[in-house]
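Asks: Have a look at this one.
The values are calculated or read from the model by the stated rules, or taken from the named source; none is laboratory data. Computed from a predicted model, the values in this text were never measured in an experiment. Quick reminder, even Gly has a Cβ in these numbers, built from the backbone with ideal geometry, and neighbours come from all protein chains shown.
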Amino acid sequence: MTPRAKPVSGGAKNPDVWVVIPLYNEAPVIGGVIEELKREFANVVCVDDGSTDGSGAVAKAAGARLITHPINLGQGAALQTGISYARERAGTEYIVTFDADGQHRIEDALGMLKLARSKKLGVVFGSRFLDNRTNPGWAKKVVLKTAVWVTNQTTGMKLTDAHNGLRVLSVDAARGINLQQDRMAHATEIVVQIGRTKLPWEEFPVEVIYTDYSKAKGQSLLNSVNILFDLIVN
C-alpha cells in the first residue's frame with residue numbers, strides 16, 4: 001500500500017481536495033497550469049504517462065506531487081493511477097480531474113466543487129454544451145455530439161458532454177471507479193461506473209478554451225476522432 005501523505009495544514013485552500021492531472025508531453029504549458037491550480041488547491045498530483053519531453057520534471061518543479069509511468073499506458077490508465085492515489089490520501093473528500101493542456105478553467109472547477117459541496121453530489125460533470133461560450137468548430141462538435149449519443153445509449157445516463165475531462169468526484173464516487181480502458185474510451189467507462197454507484201450527479205456549464213498551443217498540436221479534432229474510434233472498437 002502506498003504510504004499516506006501528511007495532511008495539508010489547515011491554512012491551505014481546499015485541503016480536502018486532490019486535483020488529478022493525466023500528463024503526457026505537455027512541458028510548455030504544464031508548469032503554468034499547476035501554478036494557477038496551486039493558488040486554489042493545496043493538493044495537485046500529476047501522473048506522467050511516459051512523457052519524453054521532461055513534462056514530469058516541470059510539473060514537480062511547479063509544486064505538483066508526481067507519479068511516473070515508465071512507459072506510455074494511455075490517458076485512462078494515467079487517470080486511474082491518479083484517482084487511486086488521491087482517494088487513499090488522508091482527509092480526501094473530493095477529487096477534481098483536470099486536463100494538462102490549459103483548456104480547462106480553474107473558475108469552472110471551483111464552481112463545480114461548490115455545487116458538489118452544497119448539494120452533496122457524488123459527481124459533477126463539466127459540460128461545454130450547456131451554454132454557447134465554447135466554440136469547438138463544426139467538425140469536432142459533430143464528433144463529440146455523436147460520442148455523447150453513443151455514451152448515453154450505452155450507459156442509460158443523459159449527459160450533454162460525456163467526454164469532458166473536467167469532473168468533480170466525491171471520494172465515495174471515486175471508490176467505485178476502476179478503469180480498464182487505457183485509451184479515450186475510458187471516458188464512457190467512467191460514466192458507466194459512476195452510474196452503478198447510484199450517487200446523485202449534475203452537469204455544470206464550463207468553457208473549454210481551444211488555445212493556439214492545443215490547435216498546433218492537432219488536439220482539437222484528433223482527440224475527438226480518437227474518442228469515436230475507441231467507442232466503436234470497444
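Asks: I need the helices (runs of 4 or more DSSP H) fully contained in the stretch 181-234, keeping only those with at least 2 residues that are farther than 19 Å from residue 102 by Cα and modelled with pLDDT of 80 or more.
Replies: 186-197
Asks: May I ask you to list the residues in the stretch 158-176 that are surrounded by fewer than 24 Cβ atoms within 10 Å (Cβ to Cβ) and without any contact (Cβ under 8 Å) to a residue 40 or more places away in the chain?
Replies: Once the filter is applied, which keeps residues that are surrounded by fewer than 24 Cβ atoms within 10 Å (Cβ to Cβ) and without any contact (Cβ under 8 Å) to a residue 40 or more places away in the chain, the stretch 158-176 yields 158, 176.
Asks: Could you please find all residues in the stretch 51-90 being within 17 Å of residue 181 (Cβ to Cβ), over 17 Å from the mean Cα position of the chain (by Cα) and surrounded by 18 or more Cβ atoms within 10 Å (Cβ to Cβ)?
Replies: Scanning the stretch 51-90 gives a single hit, 69.
Let's see how each residue does on (1) in contact (Cβ under 8 Å) with a residue 12 or more places away in the chain; (2) hydrophobic (A, V, I, L, M, F, W, C):
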{"site": "86", "(1), (2)": "yes, yes"}
{"site": "91", "(1), (2)": "yes, no"}
{"site": "99", "(1), (2)": "yes, no"}
{"site": "103", "(1), (2)": "yes, no"}
{"site": "112", "(1), (2)": "yes, yes"}
{"site": "118", "(1), (2)": "no, no"}
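Asks: Go through (1) modelled with pLDDT of 75 or more; (2) farther than 23 Å from residue 84 by Cβ; (3) among the basic types (Lys, Arg); (4) assigned to a helix (DSSP H, G or I) and name the single condition residue 158 misses.
Replies: Just one mismatch for residue 158, condition (4).
Asks: With 208, 192 as the choices, which residue is touching a helix residue (DSSP H, G or I) at 6+ places or on another chain (Cβ under 8 Å) and of a type outside the set (Lys, Arg)?
Replies: Within the list 208, 192, the selection yields 192.
Asks: Counting just the residues of the stretch 115-154 that are charged (D, E, K, R), assigned to a helix (DSSP H, G or I) and at pLDDT 70 or above, which one comes out farthest from residue 202 (Cα to Cα)?
Replies: Among them, the one singled out is 117.
Asks: Taking the stretch 170-198 on its own, how many of its residues are of a type in the set (A, V, I, L, M), under 15 Å from residue 93 (Cα atoms) and in contact with a Ser or Thr (Cβ under 7 Å, 6 or more places away or on another chain)?
Replies: 2
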